[in-house]
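To start, the structure under review is shown below, and the notes come after it.
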Amino acid sequence: MNESEIKIKLFQEIDALGNDKLIELLGIINNFLNNKDDMEEWNTLSSQQKKGINYGISELDKNKGIEHNLVMEELRKKYGIS
């Protein structure tokens, strides 16, 4: 695949994204272009924040997570949001 084909493919993929995914992609691209390392952000977190993130990861590793769409559905019901 040559450079032009890659650019066209990227444009097609980006053009098909919804707003939420588009915003997420923009953040990823900005981080990539600015060579931002996730460790920089990790090092700015408090020990309590790091502990919470590590706890969440361990819960997911034990298959105790709840899918995002199910959480959102439950919150919409709870607060009457459509």
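Tabulated results
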| quantity | calculated |
| --- | --- |
| Cα long-axis angle, helix 47-61 against the chain (0 to 90 degrees, to the nearest 10) | 80 |
| Between 0 and 90°, nearest 10: helix 19-33 axis offset from the chain longest Cα axis | 70 |
| Residue 47 versus residue 21: modelled label distance in nm, points set 7 Å from Cα along the beta carbon direction | 4.2 |
| Loop-resident sites, region 21-57, for trypsin sites (Lys or Arg not before Pro), counting at most 15 other Cβ within 10 Å (DSSP) | 36 |
| Kirkwood hydrodynamic radius of the chain, from inverse mean 1/r over distinct Cα pairs, in Å | 16.6 |
| Separation in nanometres of the label points that stand 7 Å from Cα toward Cβ, at residue 1 and residue 40 | 2.8 |
| Dipole of the chain, positive end: most advanced residue of 80, 49, 68 [Cβ charges, Cα centre] | 80 |
| Theoretical gain in end-to-end length, residue 14 to residue 81 [0.36 nm per residue, Cα-Cα removed] | 21.2 nm |
| Inter-label distance for residue 74 and residue 55, nm, one decimal - labels placed 7 Å from Cα along Cα-to-Cβ | 1.7 |
| Angle between the chain longest axis and helix 68-79 axis [Cα atoms, degrees, rounded to 10] | 60 |
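FYI, it's all coordinate maths here, none of it is from the lab. Fair warning: this is a prediction, and the values are worked out from it, not measured in the lab. So basically every Cβ, Gly included, is an ideal-geometry build from the backbone, and we count neighbours across all protein chains shown.
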